[in-house]
Structure formats: C-alpha cells, structure tokens
Amino acid sequence: MHAASHGHGHSHDYVAANREHFDKEAHKFDAWPEVGVLTKKITATMRETHPHLFDKDTTEVLDYACGTGMVSRELVPYVKSIVGVDISGGSVESYNKRTSELGFAPEKMKAVCAELKGEEHELGGAKFDLIVCSLSYHHFASIDAITRTLASFLKPGGSLLVADRLPTEETEEKAAEDYPENVRHTVAHFNGFDEPEMRRVFEGVGLQQFQFMDGLTGTILGKDFKLFIARGVKPL
C-alpha cells in the first residue's frame, strides 16, 4: 500500500519504510547532482538569513535526519561541531566514512544511528545551539511529535531551522505523482507545508520568534518546486 492511498494516516510505519529505503539507497546520494546543488542552496540561505546562528568557536549543531552528511559537510566550516543523527544505519555509515576521508575528527563531526524520542539520556544528554533538518519533514508521520523531540535537544536560546517544500495548488494525491513510485511509501506528506502550519507546530511545542523564509526554489528529479526555511527559538 502506498502512502498516497492513506494520506496522513499513522497505520503505516514510516520509520521502518524510511530506514529500509535509505539503508538501500544511501550509497547513491552523494553522486546525485541535483541533491548536492539543492543542499548548497539551502545551507547558504540558512547562513545568509541567520548569520548570527553560525559561530566557528561556539556553535554546536545537531543535523537531524542527516542522511549521508551533505548538509553537515556544507555547514562544518562555519560551526564548532556537528552531530548527525539518522535512523538509517547505511546513511550513518556513509556519513562517517566520508567524514573520516575528509580528515575530520569525530569531536568535530560524526553521525550516530538513532531514533530520537526526546529522552534525557539520548545523545549522552547533549544539547545544541542549532538544530537543522533539511528536506526531511515530509517523511515524518507526525511533524508535531518530531518538532517536540527536536526542541527538547535545544539549549535555551537555541534555534531550530527546518527546510522543506511549500504546498502547491494540487491535491495530496496529485502531488504524490511528483515522487517516483519506489519512494512514495516513505513520504507521509506529499504536498509540503505552509507558513500557518509550520507556525502552529513550532509555537505548539513552545518555540518562539517564529520566522518563515520562502523565496527558494529547487529541482529534484526534473521537477521544480518552492522551498521554505522556518526558524523557531527555544525560550531562555
């Protein structure tokens, strides 16, 4: 059964579907030019829009749903350290192999395979100045639950930055056709998210100073779509 046929229902195990898919496909991602171009565009926009969030001496980053580390590798020159987290062991293995080849020490940049729940002991109790999640929210069954979890890993005053696609005028079913057949079972939200929904979700978990930047465009698999970057801040 494809995700398209049950919309936003939770009967489908998106975690298992994504883990299995990305374990299998991880080795292909770094050689996918469109994704590399889009990642560069998103990370550059994050830095240009929120330059004060990036400090080489102090900023500790969590890259959530980090995949093979494309976002981490773009941001690592501008921060103190990055921890990538992904549910896919194959992606994490690829991330750490590449990190090692590039000569980064684990203290600077590393990935761990985990499904975070927001519990105190996770990630050794670490908290972060900045959490980034790029082009992954559409894979999560509940963006409210995942945002609550991510907010729990922020230091007071820390920021969450989420990049994903904006909705089109299409129905969810029609938007599903933008995705290849073999990945549809991994996608929980085919038609992206708008500003009111992201504001509701961020503010619903107590994040403040909501900002929404939506002037970005990208191309994946030959399809053009519009992107946003949302920001929320954990209160001091």
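The values are calculated or read from the model by the stated rules, or taken from the named source; none is laboratory data. Worth saying up front: this structure is predicted, and the values here are computed from it rather than measured. Every residue, glycine as well, gets a Cβ built from its backbone with ideal geometry; the counts of neighbours run over all protein chains shown.
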Note to self: Given the criteria part of a helix (DSSP H, G or I) and over 16 Å from Ala111 (Cα atoms), does Thr45 qualify?
What the structure shows: yes
Check: Given (1) touching a residue at least 40 places away in the same chain (Cβ under 8 Å); (2) in contact with a Ser or Thr (Cβ under 9 Å, 6 or more places away or on another chain); (3) part of a helix (DSSP H, G or I), where does Gly67 come up short, assuming only one miss?
Finding: (3)
Note to self: List pairs: first residue in region 81-110 and over 17 Å from Leu62 (Cα atoms), second residue crowded, with 20+ Cβ neighbours inside 10 Å anywhere in the structure, Cβ distance under 7 angstrom, at least six positions apart or on different chains.
What the structure shows: Gly90/Phe22; Gly90/Ala26; Ser94/Ala26; Ser94/Thr68; Arg98/Thr68; Arg98/Gly69
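Let's see how each residue does on (1) in contact with an Asp or Glu (Cβ under 8 Å, 6 or more places away or on another chain); (2) modelled with pLDDT of 95 or more; (3) of a type in the set (Ser, Thr, Tyr):
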residue: Lys108; (1), (2), (3): no, yes, no
residue: Gly118; (1), (2), (3): no, no, no
residue: Val132; (1), (2), (3): yes, yes, no
residue: Ala145; (1), (2), (3): no, no, no
Notebook entry, point to check: Which residues, taken from region 95-114, are under 22 Å from Lys41 (Cα atoms) and more than 16 Å from the chain's Cα centre (by Cα)?
Noted result: Arg98, Thr99, Leu102, Met109
